[in-house]
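The values are calculated or read from the model by the stated rules, or taken from the named source; none is laboratory data. Note that this is a predicted model, so its numbers are computed, not measured. Neighbour counts are summed over all protein chains in view; Cβ atoms, including those assigned to glycine, are modelled from backbone coordinates with ideal geometry. With ligands, DNA and RNA removed, areas are computed over all heavy atoms of the protein, side chains included. Shrake-Rupley method; radii C 1.70, N 1.55, O 1.52, S 1.80 Å.
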Amino acid sequence: MRKYMKIAIGLAVAAVLGGSAYYYKSASTQIADINTTEEVEKLQPVGPSFNADSAYAYTKAQCDFGTRNMNSEGHDRCAEWIIAKFKQYGCKVESQKANLKGYDGTTLKSQNIIAKVNPEATTRILICAHWDSRPWADNDPDKANWKKPIMAANDAASGVAVMIELARLLDSQKGKKGALNSQFGIDFVCFDAEDWGTPQWANVQDDGSSWALGAQYWSKNLPQGYEARYGILLDMVGGVGAQFYQEGMSKQYAPEIVNKVWKAARQVGFGSSFPNSDGGMITDDHIPVNQDANIPTIDIIPYYPNCKQSSFGPTWHTLADNMDNIDKNTLKAVGQTLVQVLWTER
């Protein structure tokens with residue numbers, strides 16, 4: 001679903017930072033870890049309880065449509081379901097359709113899905129994830145599977161599922177004491193055509209531009225005057241044993257939001273899932289949102305430091321990315337952290 005940024009802006013930023021574009025733990029990070037440990041930070045959860053069972057069910061519902069790779073029947077049927085669920089929970093939903101070009105020239109019938117909570121509010125927060133599935137299991141241990149589409153339970157049904165559960169919670173709290181501050185609006189954006197990036201088996205140079213096509217289009221075709229205070233991208237947020245290190249480009253573009261989210265995780269008791277440690281620089285949907293939409297946006301994305309298969313985890317771009325490898329504990333950690341972020345916004 002994306003790659004370490006070894007070229008273009010990745011190299012430039014790595015040079016500025018004086019470090020590698022790969023995952024590392026610097027001396028400064030170790031000091032920050034010590035300071036965080038010594039910091040007296042009481043558990044101060046606010047807002048409703050995030051229902052991991054519900055998010056799990058939404059993940060499964062997407063997988064029940066089969067693979068959702070571009071131009072497939074499963075893709076189109078799942079889009080209808082996503083739109084219906086957001087509408088069910090009181091969102092104003094819009095579709096942004098476009099014909100985009102894949103790395104190989106294939107026309108991709110793309111549909112970004114935008115679900116708005118409190119659409120009249122001028123102060124807005126962006127929560128996003130991609131919803132299409134990888135058409136090739138090009139990182140599968142078995143080469144015979146490299147050109148088969150993946151189920152994509154984690155990458156990326158999990159991110160959409162967390163957003164839908166958040167929409168449900170927001171709708172359920174309307175008119176109640178402790179509801180979300182009414183001066184804020186939330187935009188849940190489901191990006192399409194993220195995972196048609198150049199496959200590893202293709203004899204084509206991968207410069208990173210073939211990834212995040214829906215996010216690229218959305219970021220360059222915003223409604224006139226649209227602004228968001230900040231954005232949070234959810235990517236692969238349901239994997240077994242996942243930990244979410246602080247992604248390098250997020251720290252470059254939106255360090256305050258990184259601090260906000262990781263502090264929220266500690267406040268709700270999920271600090272172990274959000275280590276105060278540096279991650280690598282990743283090509284993902286947050287890059288065009290930062291660069292073209294000028295919305296400071298971070299990426300919540302896992303890092304598995306001891307996984308030989310991939311630093312994104314053992315199921316990344318394999319046929320094993322299915323419901324057997326979705327963990328409700330991970331969905332809970334991410335979802336409750338997002339509740340804390342939204343319900344403490346001022």
Note to self: Can you give me the % of accessible surface on the chain that is carbon or sulfur? Probe 1.4 Å, all protein chains present, nothing else counted.
What the structure shows: 49 percent
Next item on the list: Quick one: dipole size for the chain, taken about the Cα centre, charges +1 on Lys/Arg Cβ and -1 on Asp/Glu Cβ, in debye to the nearest 20.
Entry: 640 debye
Notebook entry, point to check: What order do you get for 85-91, 222-228 when each peptide is scored by the mean count of other beta carbon atoms within 10 Å, highest first?
Noted result: 85-91, 222-228
Next item on the list: Could you tell me which of rounded, prolate or oblate describes the stretch 58-171, using a ≥ b ≥ c as the square roots of the eigenvalues of the alpha-carbon gyration tensor, with rounded for a/c under 1.5 and, failing that, prolate when a/b is larger than b/c and oblate otherwise?
Entry: prolate
Checklist line | Angstrom value of the Kirkwood radius, inverse mean 1/r, which spans all Cα pairs in the chain | finding: 20.0 Å
Item checked: Rule-of-thumb Rg ratio for the stretch 194-342 [Cα; 2.2 N^0.38 Å; N residues] -> 1.07
Margin query: Considering the Cα positions of the stretch 87-140, please state its Rg to one decimal place and its Dmax as a whole number of Å.
Written below: 15.4, 46
Margin query: I need the calculated FRET efficiency for the pair Lys60 and Lys147, taking r as the beta carbon distance and R₀ as 30 Å, to the nearest 0.05.
Written below: 0.75
Checklist line | Whole-Å distance, taken between Cα centres, linking the stretch 173-219 and the stretch 245-302 | finding: 14 Å
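If the convex hull of the alpha-carbon atoms of the stretch 158-261 is projected onto planes in all directions, what is the mean projected area in square nanometres?
Result: 9.6 nm².
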Next item on the list: Could you run the Karplus curve 6.51 cos²θ - 1.76 cosθ + 1.60 with θ = phi - 60° over the stretch 67-79 and give me ³J(HN,Hα) per residue in whole Hz, x for Gly and Pro?
Entry: 5, 10, 5, 4, 6, 9, 5, x, 4, 5, 5, 5, 4
Notebook entry, point to check: In deg cm²/dmol and to the nearest 500, what is the mean residue ellipticity at 222 nm of the chain if only DSSP H runs of at least 4 residues count, each as -39500 (n - 2.57), divided by the residue total?
Noted result: -10000 deg cm²/dmol
Check: Considering only DSSP states other than H, G, I, E and B, which GluC sites (Glu not before Pro) in the stretch 40-97 qualify as loop sites with at most 14 other Cβ atoms within 10 Å?
Finding: Glu41
Next item on the list: Taking the Cα centre of the stretch 142-260 as origin, work out the dipole magnitude from +1 charges on Lys and Arg Cβ and -1 charges on Asp and Glu Cβ, in debye rounded to 20.
Entry: 440 debye
Checklist line | Estimated inter-spin distance, Glu80 and Gln224, nm [label 7 Å along Cα→Cβ] | finding: 3.5 nm
Item checked: Å² of accessible area per residue within the chain, as computed with a 1.4 Å probe and no ligands counted -> 41 Å²
Next item on the list: Over the stretch 289-346, calculate the relative contact order: mean separation of alpha carbon pairs under 8 Å at least 6 apart, over the residue count, as a percent.
Entry: 13 percent
Next item on the list: Just name one of Asn259, Trp196, Ile232: the one whose Cα is farthest towards the positive end of the charge dipole of the stretch 184-285 (beta-carbon charges, Lys/Arg +1, Asp/Glu -1).
Entry: Asn259
Next item on the list: Place a +1 charge on the Cβ of each Lys and Arg in the stretch 272-325 and a -1 charge on the Cβ of each Asp and Glu, then give the dipole magnitude about the Cα centre in debye, rounded to the nearest 20.
Entry: 200 debye
Next item on the list: Would you tally the net charge around Ala242, using a Cβ to Cβ cut-off of less than 14 Å, leaving Ala242 out, and scoring K and R as +1, D and E as -1?
Entry: -4
Next item on the list: For the stretch 126-141, take each phi angle, set θ = phi - 60°, evaluate the Karplus expression 6.51 cos²θ - 1.76 cosθ + 1.60, and give the result in whole Hz per residue in order, putting x for glycine and proline.
Entry: 9, 10, 9, 6, 8, 10, 7, 10, 5, x, 9, 8, 7, 10, 5, x
Notebook entry, point to check: Which order, highest average first, do 117-126, 194-203 follow once you tally other Cβ atoms within 10 Å for each residue and take the mean per peptide?
Noted result: 194-203, 117-126
Item checked: Reachable lysines from Lys251, criterion Cα separation under 23 angstrom, eight or more residues apart if same chain -> Lys3, Lys6, Lys25, Lys220, Lys260, Lys263
Check: For the charge dipole of the chain, defined by +1 on Lys and Arg C-beta atoms and -1 on Asp and Glu C-beta atoms about the Cα centroid, which residue among Gly102, Ile127, Asn154 has the Cα displaced farthest towards the positive pole?
Finding: Ile127
